Amino acid sequence: MKVAVFNTKPYDRRFLTAANTKDGDRHDLHFLEPRLGPDTAQLSGQAEAICAFVNDGLDRSVLRMLKANGVRLVALRCAGFNNVDLMAARDLGIAVARVPAYSPAAVAEHTVALILSLNRKIHRAYARVREGNFALEGLLGFDLKGRCIGIVGTGNIGLSVAGIMAGFGCRVLGFDPHPNPAFAALGARYVGLQELLSQSDIVTLHCPLTPNTHHVINATAIAAMKPGVMLINTGRGALIDTRDVIQGLKSKTIGYLGLDVYEEESELFFENLSGQIIQDDDFARLLTFPNVLITAHQAFFTQEALTAIAETTIRNISQFESAGEAAHPVALEWRG
Ligand code: NAI
């Protein structure tokens, strides 16, 4: 199948080419650098499938343009699909596929890296030691053992975080409208969202972004949290209301913030903007707090995850070509 692969970096091309040629050349992949949006949709050319990433915009108008060009499949090379208008895709008869669980460990381990770094202030200690400042004042941490962690969304990634944190000796609470038996098997306990927020020393978000979870962490939720709570978001930026979180940091209700995702990240992440002036004042404000640690959507970025993403994406396309349905279709009625 001819596939227009949008928004590619050298690593995307490397891993997708390897997966595509593993058992002999399968698909005709056209790698494009631009992000997919209204101004670039025409670049799909003669392709019957397009491959897109988290910050490509697939609203109704873009999908309509793709359809007019002959696109029948949108193969997402990511797990989340909040950037696709699924209703429009269905109306237009465009199938949507994703990579549901390429490496839960990759994201879970990065989540734990943020927790450990924030707690022991590794980001500050690293800079200090390089400057010849060996003072400890300001670097005080706490033992994770015996602390309570609240996991919002206990699917593949949330479950993996639960397992690691149980290993640290944490008490693990979870909230999920679809309880996962494997979670309780770890000795973790399901509670309501309010109880999770009020009991947890660390709150970490692993649910998908849906209308139900948009800004699930807002001023009301923050008010319910323990003073000094650590909040981690490696899910999707819009799970938290950034301005409310900034207020929570200023009032010290939030004692630590670790982010791998940001609501307006599509204007920032995945590019080297080090020589430019950041125009996003909320993001710039977040960077001023000593107790905020931000990574630029890299939680998924391991060799194993990129291999799995590429192989599943190629499988989705192959199966769509041969059987008319991708291996991992995204259904409109997907539980949210
Ligand atoms: P999953 O589908 O295995 O699990 C999601 C869980 O969230 C499900 O158990 C579901 O029932 C639950 N959920 C749905 N609505 C909820 C609600 N209102 N409150 C609490 N829980 C709710 O997904 P997986 O693989 O664990 O990924 C979770 C999210 O992580 C993805 O949707 C994606 O947005 C994000 N992600 C971030 C990455 C990164 O690099 N930062 C990489 C991969 C995923």
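Each reported figure results from applying straightforward, stated rules to the coordinates on display, with no laboratory input. Since the model is a prediction, treat every value here as computed from it, not as a measurement. FYI the Cβ positions are ideal-geometry reconstructions off the backbone, even for glycines, and counts take in every protein chain you see.
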Evaluate the charge dipole of the chain about its Cα centre and quote only its size in Debye, nearest 20, assuming +1 on the Cβ of each Lys and Arg and -1 on the Cβ of each Asp and Glu. 700
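Compute the signed sum of charges (Lys and Arg +1, Asp and Glu -1) over the other residues within less than 15 Å, Cβ to Cβ, of PHE134.
+2
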Give me a comma-separated list of calculated 3J(HN,Hα) values for segment 60-66, in order, Karplus coefficients 6.51, -1.76, 1.60 applied at θ = phi - 60°, integers in Hz, x for any Gly or Pro. 4, 5, 5, 4, 4, 5, 4
Convert each backbone phi in segment 211-226 into a coupling constant with the Karplus relation 6.51 cos²θ - 1.76 cosθ + 1.60 (shift: θ = phi - 60°), then list the ³J(HN,Hα) values in order as whole Hz, x for Gly and Pro. x, 6, 9, 4, 6, 4, 9, 10, 4, 5, 5, 5, 5, 7, 7, 5
The set of residues whose placed amide H lies less than 5 Å from the amide H of LYS2, leaving out same-chain residues fewer than 5 positions away, is ASP28, GLU48, ALA49
For the chain, with the dipole built from +1 on Lys and Arg beta-carbon atoms and -1 on Asp and Glu ones, taken about the Cα centre, which of PRO290, ALA238, ASN316 lies farthest toward the positive end? PRO290
How much FRET efficiency would the formula 1/(1 + (r/R0)^6) give for SER322 and GLU271, where r is the Cβ-Cβ distance and R0 is 41 Å, rounded to 0.05? 0.65
Charge sum, other residues only, whose C-beta stays under 11 Å from GLY169's C-beta, Lys/Arg counted +1 and Asp/Glu -1: +2
Semi-axes, largest first, in whole Å: what does sqrt of 5 times each Cα gyration tensor eigenvalue give for the chain? 36, 22, 19
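Around ASP241, what is the net charge, scoring Lys/Arg as +1 and Asp/Glu as -1 over all other residues with Cβ under 11 Å from its Cβ? Mind dumping the intermediate values first?
On the way: positive: ARG243; negative: ASP244, GLU263, ASP282.
Net of charged neighbours comes to -2.
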Label point at ASP39 placed 7 Å out along Cα→Cβ; residues across segment 6-21 whose backbone nitrogen lies under 20 Å: 6-9
Give me the number: length gained by fully extending THR21 to ALA331, i.e. 0.36 nm times residue separation minus the C-alpha to C-alpha distance, one decimal in nm. 108.7 nm
How long, wide and thick is segment 158-240, going by the Cα atoms along their three principal axes, in whole angstroms, largest first? 32, 27, 21
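When only Cα pairs under 8 Å and 6 or more residues apart are kept, what is the percent relative contact order across the chain?
Computed value for the chain: 18 percent relative contact order.
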If each of ARG90 and ARG130 carries a label point 7 Å out from its Cα toward its Cβ, how far apart are those two points in nm? 5.0
Grab the DSSP H runs of the chain that are 4 residues or longer, score each as -39,500 (n - 2.57), total them, divide by all residues and round the 222 nm result to the nearest 500 deg cm²/dmol. -10500 deg cm²/dmol
Student exercise, segment 104-294 dipole from Lys, Arg, Asp, Glu Cβ charges, in Debye to nearest 20: 820
